[in-house]
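For reference, the structure is listed below as structure tokens.
Just so you know, all these numbers are worked out from the coordinates, no wet-lab data involved. Keep in mind that what you see is a predicted model, and the values were worked out from it rather than measured. Note: ideal-geometry Cβ built from the backbone for every residue, glycine included; neighbour counts use all protein chains shown.
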Amino acid sequence: MTTLESWPDSKRWQATLVACFFTLITTLTATGYPLCDEAITSAFDVSHTTFVLGNTMYLLAIALVPLVLAPLSEDFGRRPVYIATTLVYAVCFIPQALADNMATIIATRFFCGAAGSIGNSLAAGVISDCFAPAYRGLPLYVYSTSVYIGQGIGPVAYVATGTLQGWRIAFWWNGAAALVAFVAVVALFPETRPPAVLPPSEKRSKVARAATSTTVALTMLLTQPVIGSISLWSALLWGINYMAFGAIPLTFAQAYGWSLLQQSFVFLTMLVAALAGYVCHVHQEHIQASDPERIELRLRYACVGALLAPAGLFIFAWTARASITPVAPVIGVLLFNTAIFPIYQAIFSYLSEVYGDRSSSAVAAQSFLRNLFAAVLPLLNRHMYENLGSPLATTTLAALATVFSTVPFVIVRYGPVLRRKTIEK
């Protein structure tokens, strides 16, 4: 069996692209589902809050399960984890498509999210396995782009197919796409984790490690200030991001009378944001190359995004009204999405470089809090926007984003000191 050092670049990219494809599918599922609100609530005669529980369970599983799977994959290998979870993920769409009650969808989506959670937590670890720190920039950009493509096309794809063929068709084609991901993993995804690639004599004791693996990521979240602060900040922004999948349709319907399909097109701003993110990526790599030893330089564009994100929310809050062209609030959404992209990429790049062969656990730690917020905050959406009104509700979120925008600046300034204290501890 060959070692990772002898792999050609083509094999490294093969593993990366397969992992990113599954990430795209899992993200698409999370963002497409909220747009089925009216169809599914009508079919089963349930409330909006009950419907939202379907995505809450999906994202809650994505938050919790990597705390187990990410550390285990670091000792038992990525490939067996990917094979098992992609198969389960594809199968979980069958009961969703055939469901005759809302409880079936809610319960099944938890298991679907559990299996799909590796799309969030393990992909960055795969990239860390395959590429040295100096070469991780482009692969991590591809990973971040896969998330944004999934978020952008998910609402449009679900609404388009649901409008023409019914909401069950959306689950069927999503399951078919997941099955393609499973086949790709079996056929094309090599083992990338060094402990699994090395001869048995060089492996650590898996039995001893398995006893504590489930607590590694959570321990890192609670004891390491760098992970804790980044996780809380990204969790707030990610929660706001997922609130948008309910708030944007509600706001554009009330202000402009847009149809569901028209509303879904707003999310295509994420594709534009991903293109803008490439420009940020190229310049970020230039900045990092000027001083490779300063890992905190990875967060420079995250600092820019920290300022632009609340600005985009403020624009959306106070321009989404009938007397103002809808172009204005769309620009606000675009600005927010463009701001989130370099933040998302920078966090993965930074954690991958700081924590090296434990990057999956570090990413799982911040993914836990990030997806926990994404699971819970949308439950407040309808009540918040109906009671406060769209301008005040979004302004409240923008104010919170402004307060937390100091986090990347603090880490850029004090990150080296915090990392040294962590190592000493």
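Helix 359-376 axis versus longest C-alpha principal axis of the chain: approximately 20°, rounded to the nearest ten. Under the simplified labelling scheme, the Val272-Tyr135 pair shows an inter-label distance of 3.6 nm, with each label point 7 Å from Cα along Cα→Cβ.
Residues with beta-carbon under 13 Å from that of Phe93, excluding Phe93: net charge, scoring Lys, Arg +1 and Asp, Glu -1? Taking every other residue near Phe93 into account, the sum is +2.
Ranking Gln151, Leu250, Thr215 by Cα position along the charge dipole of the chain, where only Lys, Arg, Asp and Glu carry charges on their C-beta atoms, puts Thr215 farthest toward the positive end.
Tell me, what is the FRET efficiency for Thr406 and Val376 to the nearest 0.05, using R0 = 30 angstrom and their Cβ-Cβ distance as r?
Details: r = 23 Å, r/R0 = 0.78.
Efficiency for this residue pair is about 0.80.
Mind sorting His281, His286 by how few other Cβ atoms lie within 10 Å of their own Cβ, fewest first? Working shown, then result.
Working: His281 23, His286 9.
Sorted ascending by nearby Cβ count, the order is His286, His281.
Need one word for the range 272-337: rounded, prolate or oblate. Basis is the Cα gyration tensor (sqrt eigenvalues a ≥ b ≥ c); a/c below 1.5 gives rounded, then a/b vs b/c decides. Don't skip to the end; give the middle numbers.
On the way: a/c = 6.10, a/b = 2.73, b/c = 2.23.
Prolate, since a/c reaches 1.5 and a/b exceeds b/c.
Between Leu232 and Asp9, the contour length at 0.36 nm per residue exceeds the Cα-Cα span by 76.8 nm. If you average the sequence gap of Cα pairs under 8 Å that are 6 or more apart and divide by the length of the range 4-424, what percent do you get for the contact order? Rounded, it is 25 percent for the range 4-424.
When the helix-only estimate is applied to the chain (DSSP H runs of n ≥ 4, each -39,500 (n - 2.57), divided by the residue count), what is the mean residue ellipticity at 222 nm, nearest 500 deg cm²/dmol?
Values: 22 runs with 347 residues, N = 425.
Helix contribution divided over all residues of the chain: -27000 deg cm²/dmol.
About the Cα centre, and with charges only on the beta carbon of Lys, Arg (+1) and Asp, Glu (-1), how big is the dipole of the chain? Nearest 20 debye, please.
Numbers: 24 positive and 19 negative charges, 129 e Å.
About 620 debye.
Between the beta carbons of Gln262 and Ala107, assuming R0 = 56 Å, the FRET efficiency works out to 0.95 to the nearest 0.05.
On full extension of the chain, what length is gained from Arg294 through Ser42, given 0.36 nm per residue of separation minus the C-alpha to C-alpha distance? Show your work: numbers first, answer last.
Details: separation 252, 0.36 × 252 = 90.72 nm, distance 5.47 nm.
Extra length from Arg294 to Ser42 when fully extended: 85.2 nm.
Could you please state, rounded to a whole Å, how far the C-alpha centre of the range 235-289 is from the C-alpha centre of the range 115-169? Distance between centres, Cα-based: 14 Å.
Expected output is a single nm value to one decimal: the length gained when fully extending between Tyr414 and Ala187, i.e. 0.36 nm times separation in residues minus the C-alpha distance. What is it? Mind showing how you got there, number by number?
Working: separation 227, 0.36 × 227 = 81.72 nm, distance 4.49 nm.
Computed gain between Tyr414 and Ala187 is 77.2 nm.
Positive end of the dipole of the range 4-424 (Cβ unit charges, origin at the Cα centre): among Ala124, Tyr350, Phe314, the Cα lying farthest that way belongs to Tyr350. Each residue, Trp173 and Asn387, gets one label point 7 Å from its Cα in the Cβ direction; the gap between the two is 3.8 nm.
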